[in-house]
Amino acid sequence: MKMKKRQKKPSLPSTVTELDTEDGSKVYVVGTAHFSDSSKKDVVKTIQEVQPDVVVVELCQYRVSMLKMDERTLLKEAKEINLEKLQQAIKQNGVMSGLMQMLLLKVSAHITEQLGMAPGGEFREAFKEASKVPFCKFHLGDRPIPVTFKRAIAALSFWQKVKLAWGLCFLSDPISKDDVEKCKQKDLLEQMMAEMIGEFPDLHRTIVSERDIYLTYMLKQAAKQIELPRASETEPRRYIPAVVVGVVGMGHVPGIEKNWNSDLNIQEIMSVPPPSASSKIFKLVVKATVFGLMGYGCYRIGQRTVQFILSMPAAQSYLQKLTEIRSQH
């Protein structure tokens with residue numbers, strides 16, 4: 001039934017890049033803008049046209065919850081970045097990676113607030129459409145986000161960390177829906193990040209280039225030939241080429257094309273390097289700042305408490321008696 005519904009010459013959006021494997025499998029990569037209505041339509045149309053065996057999306061297990069949350073809840077979540085979320089991020093990923101995660105969430109929340117649109121709409125559409133295709137599997141194709149953050153932090157010097165954090169904290173440029181559509185050739189979030197990290201080539205490597213490699217590897221894994229059911233154990237095994245749809249940010253498409261015919265080994269980009277001296281210094285500075293602010297708060301509270309007690313008549317009377325006793329001796 002799925003074979004019959006497949007179009008021999010599918011009518012695909014201009015944002016789709018077609019790739020082939022050595023064994024004849026086809027991969028249709030839909031380049032999307034994470035905050036675009038037209039990207040959602042491109043994803044739906046592509047899946048309906050090609051009736052894939054596997055749909056791969058640019059998400060990892062740490063962000064899979066966005067697939068089942070409704071738009072209103074996601075919009076609210078994206079806008080509410082508070083101390084509790086920061087503490088949770090630090091608890092899960094450590095001080096440095098937790099701060100990095102919250103700063104990047106701030107970028108996403110800034111776009112969300114400007115557009116009134118929650119991120120990841122194209123992934124939710126892909127999830128829904130994949131469930132309508134018979135025997136279609138749904139795969140998460142992105143590298144786990146804690147690995148990306150930890151490798152990104154390790155790539156920066158102390159002052160680069162400070163500079164990047166400062167830039168992210170004070171992000172306030174206005175964004176319109178027209179801007180999103182203009183950025184269709186390169187995903188808006190990826191473009192904003194590229195502009196901010198342009199002077200940090202090592203950061204670009206860990207956040208974009210390494211993930212290009214990981215996404216390419218996962219797409220190629222999903223595109224392995226499919227074994228057909230056998231009537232008995234004695235019947236020879238038969239395989240057919242797979243059809244895969246990949247849904248990724250437009251900024252990753254050139255990297256996927258570049259890496260497609262290469263032999264990929266993802267072990268190196270999955271390792272987390274030990275913290276550098278600058279990371280340890282930055283961590284100590286962050287902790288010292290937090291404890292310093294807490295200590296100053298306690299000092300101010302304590303100072304005011306002492307002043308309040310000393311201003312009470314009973315305390316003043318007691319101090320006067322102490323002074324008289326001391327003068328007698």
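Restricting attention to the stretch 38-66, and to residues there that are at pLDDT below 85 and outside any loop (DSSP other than H, G, I, E, B), which single residue is surrounded by the fewest Cβ atoms within 10 Å (Cβ to Cβ)?
In this case the residue turns out to be 65.
In the stretch 163-176, is there at least one residue being closer than 26 Å to residue 263 by Cβ, open to solvent by less than 30 Å² (accessible area, probe 1.4 Å) and modelled with pLDDT of 60 or more? Please lay out each step first, then the result.
If we filter the stretch 163-176 for residues that are closer than 26 Å to residue 263 by Cβ, which is where we start, we get none.
Among the residues of the stretch 163-176, not one is closer than 26 Å to residue 263 by Cβ, open to solvent by less than 30 Å² (accessible area, probe 1.4 Å) and modelled with pLDDT of 60 or more, which makes the answer no.
Identify, from the list 286, 253, 248, the residue that is outside the structural domain of residue 128 (by the TED database), surrounded by 15 or more Cβ atoms within 10 Å (Cβ to Cβ) and either in a helix (DSSP H, G or I) or modelled with pLDDT of 85 or more (or both).
On inspection, the qualifying residue turns out to be 286.
Among the numbered criteria (1) over 30 Å from residue 273 (Cα atoms); (2) at pLDDT 70 or above, which one does residue 145 miss?
For residue 145, the exception is condition (1).
The values are calculated or read from the model by the stated rules, or taken from the named source; none is laboratory data. Being a predicted model, the structure only gives us computed values, none of them experimental. Note: ideal-geometry Cβ built from the backbone for every residue, glycine included; neighbour counts use all protein chains shown. Each accessible area value is taken on the protein alone, full model and side chains, heavy atoms only, with ligands, DNA and RNA left out. Shrake-Rupley method; radii C 1.70, N 1.55, O 1.52, S 1.80 Å.
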